[in-house]
Structure formats: structure tokens, C-alpha cells
Amino acid sequence: MDRMHIPFARGLKARFVAVVPLLAALWLVTGAAIAQPKPPLPVAAAASAAEPAAPVSLSAQRLYERSRAKLVQIRTLLKSQSSQASVGSGFLVSDDGLLMTNYHVISQVALQPERYRLVYTTADGKEGALELLAIDVVHDLALVRAKPTELATRGHLNFRPQSQPLNKGERIYSLGNPLDVGFALTEGNYNGLVERSFYPSIFFGGSLNPGMSGGPTLDEEGRVMGVNVATRRDGEQISFLVPSMYAEALLARGQKAAPIKTALYPEITRQLLAHQQVLVDRFIALPWRSAGHPHYQIPVPGEDFMRCWGSTSASETKGLDYERSDCQLEQTLFISGSQFTGGLTVRHETYEGAKLGLVRFTKLFGDSFRNERFGSGSLRDFTPPRCKEQFVTQGGLPLRVVLCMTAYRKLPGLFDLSVLVATQDQARAGAQGRLDARGLSFANAMRLSRHYLEGFAWKN
Amino acid sequence: MEKLGVLELLDRDGSVRQYVDIQRWPLRIGRDLQSDLVLDDVHVAPEHAQISLLRAEEGGGPDRIELTVGQTVNGVQAQGRQLNSGDALLLNSGDEWQLGRSRLRLRLAGAELAPEQPLQAVASASGWMLTLALLAALLWVAGESYVGSEPDGFWSSYVKDGFTVLVGLAVWAALWALVTKLFQHRLEFWRHVWLATVAGLTVSVASFLLALLAYATSIEALGRLGGVLSSLVLSALIYGHLLVVQPRKGKTLRWFAGGMCALMLASSLGLNWYRFERLHPELYLTYLFPPALRVSPSASVDQFLDDAKRLQPALERKAKEPVSGFSSAAVPEEES
């Protein structure tokens with residue numbers, strides 16, 4: 001059981017991890033096997049300090065009392081032995097038993113319905129079976145349904161209207177069943193949207209723990225403003241919520257749907273293809289920024305939805321002057337516990353070896369070119385990579401280009417792309433670049449490769 | 001009395017451990033003390049065999065020598081055949097046969113002798129070549145140390161690398177020398193040093209040249225021959241060492257070396273296939289050289305991407321294939 005571990009860290013080079021701020025691990029907050037539960041927050045004390053002036057403000061205690069009947073734990077069970085494979089949370093969004101949760105909470109049922117089934121447990125101990133109606137892989141949401149009679153009298157949670165945006169700093173309350181310990185409410189602050197995120201994502205200043213995934217986060221009036229989804233492991237109380245508008249959209253789209261009985265790979269493929277189209281269109285529309293190199297034009301993406309980090313010569317570079325930039329789109333999509341997709345990274349390194357001499361520079365430049373890996377994940381999910389490599393002249397600049405791709409076995413039509421570039425015009429200086437994008441159509445992989453390669457040129 | 005011939009008892013390495021002059025026929029061989037050749041071998045019968053002269057009949061050609069097997073459990077192994085009690089076999093000068101664990105050879109007076117063999121004078125004749133090879137190896141190591149070291153760190157790096165290579169070479173040659181000593185009663189240390197040095201240099205230089213050629217011409221296959229080349233040279237090297245140990249088993253050793261080479265290639269290629277579903281471990285040409293050495297033309301981005309489009313059908317076909325048993329092993333997260 002490792003499904004909540006670190007979607008971001010997968011498929012990225014180990015040396016990236018050394019750049020600490022770049023690759024903070026993001027944890028999806030679901031799952032049964034948990035490393036280190038954090039000590040409980042002093043919920044009551046914190047609640048009493050919140051906004052005493054607001055007349056209709058409910059205490060956390062009253063909020064919990066009002067919502068707990070509409071809250072469930074959602075468990076994925078192995079059909080054969082009824083033991084739980086993973087746990088998450090969910091909440092009622094209709095009076096006839098519709099519940100919202102995260103896609104990653106129910107992914108085993110979505111992908112292997114013949115092996116897994118879903119059940120809910122309410123805070124007062126009622127249990128029952130659940131059916132899967134619809135998923136939104138891109139925003140990590142799923143709509144499930146209990147038998148209408150079972151949860152009918154409990155009412156449902158309302159969504160906070162989109163016309164009433166929250167202000168930064170407002171108290172919000174996250175509910176769920178962390179670590180299968182018991183139903184809980186944790187309090188925190190609304191901190192606006194995550195900056196440079198491709199899709200809007202709410203920055204929740206509070207703790208989310210595995211098992212709370214799919215639970216609601218409520219405003220002071222008890223209305224759902226977001227769905228618990230993930231937390232950063234390298235920080236304290238930096239958690240993320242899916243904005244409620246996506247849950248409302250999924251509810252509208254899926255409430256009349258028939259229960260899903262077969263594996264959802266075709267639907268996931270369709271959603272991912274739509275996502276990558278939007279992503280590639282927006283990415284290509286962004287102008288490249290300058291890398292600031294005196295001789296080379298090197299493509300560096302704008303920071304609209306990418307996050308870039310730079311570094312320069314370290315002592316272990318053996319007399320080589322070196323600069324590096326890493327840009328990353330932090331939008332990793334969960335498909336299954338062993339498969340993630342959707343990332344996009346652009347990286348370059350510039351080398352200046354006048355102090356080193358020809359031979360040593362050639363060796364180090366070559367070593368850096370060699371020190372790359374391609375292909376991510378299991379051969380069960382991906383084909384082995386295939387590459388095309390050649391000398392290419394672009395904008396008067398000769399380049400060695402290696403383009404590698406792998407295909408998704410279970411999501412036909414989706415590919416991962418890596419383009420590796422080394423300049424080939426000087427003997428004692430050069431630049432290397434690399435673009436990685438995951439989960440693209442072949443045509444968009446070609447578009448993106450062209451866009452990237454055409455970002456290189458020789459400056460006069 | 002006239003010496004009719006010599007019957008020799010051979011050691012494991014083919015040298016003569018004991019011999020008896022033959023002064024009359026027949027000649028009895030066995031553990032019995034009355035035998036002409038007494039063999040102190042528990043697998044030999046008291047009267048194991050006898051060699052006798054068959055006089056030619058009038059005008060019937062030359063006299064012949066015959067080996068007759070006596071009362072024995074183990075019999076005689078000769079010319080690839082098993083002879084049992086009562087069997088007989090005609091012998092020529094120089095024939096070898098085996099009784100129990102003892103190997104015997106008959107030499108007859110008047111038989112033509114093989115020409116004299118020159119001494120295997122490695123140390124003197126190829127002394128110059130050995131010195132040259134060692135110097136070349138040290139020079140190569142110097143080059144490797146130079147490119148791998150920081151600008152002011154060459155000597156410390158070279159002393160370390162050179163020492164490592166020399167000690168490695170000496171230990172390798174010494175082990176082979178010990179094996180040689182076991183079989184040949186001489187060390188042949190420098191001959192083993194020579195073989196190992198030449199093999200090491202061949203692999204290093206040829207791999208470098210292949211990588212350079214692959215870069216210059218952009219022919220990817222050239223850059224992928226390094227592994228095959230190493231297997232070939234290593235097999236040849238071990239064949240060379242074994243030939244020093246057992247010079248008379250050339251044919252067997254060639255089969256052995258060939259088999260070993262095939263096994264090495266099959267296992268390394270098989271392992272690559274198992275891990276990467278391709279025969280070579282490197283996904284792309286990983287060596288870069290100074291751009292001036294490039295001779296192959298460069299494409300435009302359009303041409304490159306047009307070619308890259310051919311990846312699509314191949315990948316889609318691969319994605320449709322069922323995952324084979326060994327493919328379910330996770331791709332190793334190699335970090336070179």
C-alpha cells in the first residue's frame with residue numbers, strides 16, 4: 001500500500017531531489033499505511049480565537065455537529081477477502097445518497113472493478129455499499145452513490161456559491177477520517193490559490209493527513225468550499241484543496257450517470273487527452289524567456305504556471321563554470337498507485353570550460369550528456385522508450401538532439417516525451433537542455449518538440 | 001644388448017615421470033613385481049597388459065607390435081576405445097594409452113623423431129614488445145587520469161590510477177602464473193602480463209575509437225558494439241592464458257573459449273533485453289567529442305521531426321503487445 005506516496009518525486013532525476021525547494025514532495029492524503037501521524041491540533045483553543053466579532057460564526061464544535069451526519073469514510077475493499085486496501089473520506093452532496101470524494105480514493109475500483117469494491121462508514125457506524133458514477137481525473141474527484149434509502153434522511157452539504165469568494169485568512173474547517181483513526185475536524189486558514197498552478201488549487205493553511213482525502217472543507221457557514229486532496233511533506237500545514245466549482249461540475253455531469261462496472265481506462269484516456277490539449281496549447285502560446293546567455297538563445301519557459309529554480313558552479317564541478325535552470329509545472333496527475341502523469345519540466349545547463357582546456361571540457365560535457373535517464377515507471381504500464389537522435393542545425397546553431405518517447409500501455413494514444421539537446425558549435429563551451437512532458441498525444445509531443453527546438457539559436 | 005625402444009610413464013602435464021628400456025619382447029606391465037614396468041597404481045591389475053612382437057611372415061611386410069590386455073577389471077583406454085581382458089591392439093611408436101590412472105607411451109628404436117622445438121623465449125624475444133605494451137598501457141591510463149582529473153590534480157590522480165592498474169595486472173598475471181606452475185612447473189608470469197596488457201589496451205582503444213567513429217558518422221550501431229567487443233576480447237584473453245597453461249589442448253581450449261564467448265554474449269544481451277527490451281544498455285549515443293570531429297551532416301528541425309514521427313507506429317504496436325512475463329519487472333531506475 002503505497003498509493004499516497006509522493007506523486008511528484010516519481011520520474012524525476014535523483015539529482016533534482018538534491019535541489020531542495022524544487023521538488024518538495026506532495027502527498028495525496030489517502031491511504032491505510034501511514035508513516036508518521038502528527039500530534040493532534042489544539043482544535044478548541046484555536047477555534048475560540050477565531051473572529052469573535054462575526055455574529056453567525058459557528059464554533060468548530062457546532063460545525064462538526066452539524067456536518068458529521070453528512071460525512072463518511074470511504075473504504076476500498078478487496079472483493080476476495082473484504083480487507084481494506086485503502087481509505088479516504090467523502091461527503092453527501094444530495095438527498096438521494098450521492099457522495100463526492102477524490103478520484104485517488106476510489107482509483108482501484110475505477111481501474112480494477114473486478115477485484116475491488118467500495119463501502120462507506122458513517123460517523124455513527126452505519127455501513128453500506130457504494131457505486132461509482134463519474135470521475136474527474138484531472139481535478140482528482142469522483143462521484144459515488146449509496147443506496148438512496150440508506151443515507152436519505154441525513155440531508156447534504158451545500159457548496160459555497162462561486163459569487164462569494166473567500167478572503168485570505170478566513171477560517172476554514174477540513175473534515176475527514178485521518179489515518180483511519182476516527183472522524184475529525186482540523187482547522188486552518190484560507191490562503192488563496194496556489195501561485196503558478198496550472199489549474200486553480202486552494203492553499204489551505206492547515207494539516208491534512210492521509211485518510212482525509214475526499215473529505216470536505218467548510219467555510220464558517222458550513223458550506224463546502226473545497227475538497228481535501230494533498231499536502232506538502234516538506235512543509236508544515238501546507239495543504240491543498242480542490243476548488244468546489246469542479247465538484248459542482250462533476251455532480252451536475254454525473255448525477256444521472258449509470259454505475260460503472262468496467263475499468264475506466266478509456267474514460268481516463270479521454271480526460272487526459274483533453275487536458276494535454278489545453279496544457280500544450282497554453283504552453284506553446286507562452287513566449288520563451290531569455291536564458292541570458294551571451295551566445296546562445298536557450299528556451300526558458302515563462303513562469304505563468306511554471307516554477308523555475310537556478311543554480312551555478314559548485315565546487316565539485318572541477319573548474320567548470322556552470323549555470324543551471326530548472327523549470328517545472330507542478331501539475332502531476334494521479335492515475336493509479338503506480339502511475340502518475342501530467343508533469344512538464346524544462347531544464348538547461350550552460351558550461352564554460354576555458355579554464356579546463358579542450359580535453360577535460362569534452363569529457364565533462366559528455367559526462368553530463370550521458371548522465372540522463374529516460375522512461376519512468378514499470379514496463380507493465382509503459383513501453384520501453386524509443387529514441388530518435390541526430391545532429392540538427394537550428395537558428396545557425398548545430399545541436400545534438402535526442403528525442404525519446406514511451407507509450408502508455410493501458411491509456412492508448414498517450415505518450416511521455418523527453419527531448420535532450422546539446423550544443424555542438426564550440427569545443428570549450430556549450431549548453432545542454434532537456435524538456436520532459438508526460439501524458440501527451442503524439443501530435444502534441446511533436447508540436448511541443450518543435451516549439452522547444454525552435455527556442456534554440458545562435459545569437460550574433 | 002640392443003635397445004629396442006622405451007616405454008614411458010607420463011605425468012599429468014605430459015612430462016616423463018619414469019621409463020624402462022625395452023631390451024626384449026614381450027614386455028609385461030602391471031602391479032606384479034615381476035613385471036618389466038611395475039606400476040604402483042591401485043587401479044592396475046598385477047598382470048595388466050603385455051606388449052609383444054608379431055614377427056612378419058615371409059614376405060608379409062614389417063614386424064608389428066601388439067598390446068594384449070590381461071586379467072583386469074578396468075581394462076585399457078587407447079585411441080578413444082575401451083579394451084577389455086583378452087582384447088588386443090596394434091601399436092605404433094609414439095602411441096599413448098592408459099591403464100588405471102597411469103598414462104603410458106611407447107617409443108620404438110628407429111622411429112622417425114619430431115624436429116627440435118625452439119625454447120619459448122618470451123622474456124627475451126618479446127621483451128621489447130612487452131615493455132612497449134606496458135608503456136602504452138601506462139600512457140593510456142595517463143590520458144584517462146588527465147581527462148578525469150581537475151586542472152591541478154593530474155599527478156595525484158595518475159599515481160592512484162596507474163598504481164591500481166599495475167597492481168590489478170600483476171595480481172591477474174600472478175594468478176594465471178600459479179595455475180601455469182601447477183600444470184607446467186614454470187610460472188610464465190611475463191607471458192601472462194603481456195596477454196593481459198594487450199587485451200586491456202585493445203578493449204580501451206577500440207571502444208574509444210568506436211565511440212569516436214559513432215559520433216563522427218552518427219551511425220548509432222557503432223557506439224553499441226563496445227559490449228560485444230569486450231566479450232570477444234575477454235574470451236580471447238582467457239583462451240590465451242589457458243593455452244599457456246595447457247599448450248597441447250589447443251583444440252579443446254578453442255571450443256571452450258568459443259563457448260564461453262557465446263555464453264557471455266548471450267547472457268549480457270539477454271540481460272539487456274530483460275531489463276530494457278533492447279540489446280544494448282544505452283538508449284542513445286552518450287559520447288560527445290569536439291564538434292570539429294563530426295563529419296555527418298545535420299538535419300533541419302523539420303527533417304528531424306519528420307523522422308521522429310516514425311516512432312509512433314512502433315510505439316503503438318509495442319503498447320498493444322501483451323506485457324510479457326519478464327517485462328513485468330520494473331524498469332530499473334538507473335542513475336548513471
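The values are calculated or read from the model by the stated rules, or taken from the named source; none is laboratory data. Here the structure is a predicted model, which is why all the values come from computation and not from measurement. Glycine also receives a Cβ, built like all others from the backbone with ideal geometry; neighbour counts cover every protein chain displayed. Surface accessibility is based on the protein's heavy atoms, side chains included, excluding ligands, DNA and RNA. Shrake-Rupley method; radii C 1.70, N 1.55, O 1.52, S 1.80 Å.
The distance from the alpha carbon centre of segment A:404-459 to that of segment B:210-278 is 35 Å, rounded to a whole number. Relative contact order of chain A: 13 percent, from C-alpha pairs under 8 Å at least 6 residues apart in sequence.
Within chain B, how many Lys pairs sit with Cα atoms under 28 Å apart, leaving out pairs fewer than 8 places apart on the same chain? Provide the component values of the computation, followed by the final result.
On the way: B:K181/B:K249; B:K181/B:K251; B:K309/B:K318; B:K309/B:K320.
Lysine pairs meeting both conditions in chain B amount to 4.
Per-residue ellipticity at 222 nm computed for the protein assembly as shown from its helices equals -9500 deg cm²/dmol, with DSSP H segments shorter than 4 residues left out and the rest contributing -39,500 (n - 2.57). In the protein assembly as shown, a dipole from Cβ-located charges (positive for Lys and Arg, negative for Asp and Glu) runs towards its positive end, and of A:P287, A:G319, B:Y274 it is A:P287 whose Cα lies farthest in that direction.
Taking every DSSP beta bridge that has both ends in the protein assembly as shown, the antiparallel portion is near 95%.
Of the residues A:V194, A:S449, A:G215, the one whose Cα sits farthest toward the positive end of the charge dipole of chain A, with +1 on the Cβ of Lys and Arg and -1 on the Cβ of Asp and Glu, is A:S449.
Projecting the Cα atoms of A:Q276, A:L63, A:T122 onto the charge dipole of chain A (Cβ charges, centred on the Cα centre) puts A:Q276 farthest toward the positive pole. Inter-chain Cβ neighbour count for B:40-53, averaged per residue, equals 0 (cutoff 10 Å, partner chain atoms only). The mean number of partner chain beta-carbon atoms within 10 angstrom of a residue's beta-carbon across peptide A:387-397 is 6.
Helix A:265-285 axis versus longest C-alpha principal axis of chain A: approximately 50°, rounded to the nearest ten. Summing Cβ point charges (Lys, Arg +1; Asp, Glu -1) relative to the Cα centre of the protein assembly as shown gives a dipole of roughly 1140 debye. Helix B:154-184 and the longest principal axis of the C-alpha atoms of chain B enclose an angle of approximately 20°. Charged side chains reduced to their Cβ positions (Lys and Arg at +1, Asp and Glu at -1) give chain A a dipole of some 1120 debye around its Cα centre.
Highest mean first, the peptides A:429-437, A:357-365 sorted by other C-beta atoms within 10 Å per residue fall in the order A:429-437, A:357-365.
The angle separating the long axis of helix B:127-148 from the principal Cα axis of greatest extent in chain B is about 30 degrees. Accessible surface buried at the B:A interface totals approximately 5300 Å², computed with a 1.4 Å probe on protein heavy atoms.
Accessible surface of chain A, 1.4 Å probe: 53 percent of it comes from carbon and sulfur atoms. Mean per-residue shielding of peptide B:144-151 is 5, counting Cβ atoms of other chains within 10 Å of each Cβ. Only Lys, Arg, Asp and Glu carry charge here, each on its Cβ (+1 for the first two, -1 for the last two); on that basis segment A:293-353 has a dipole of about 160 debye about its Cα centre.
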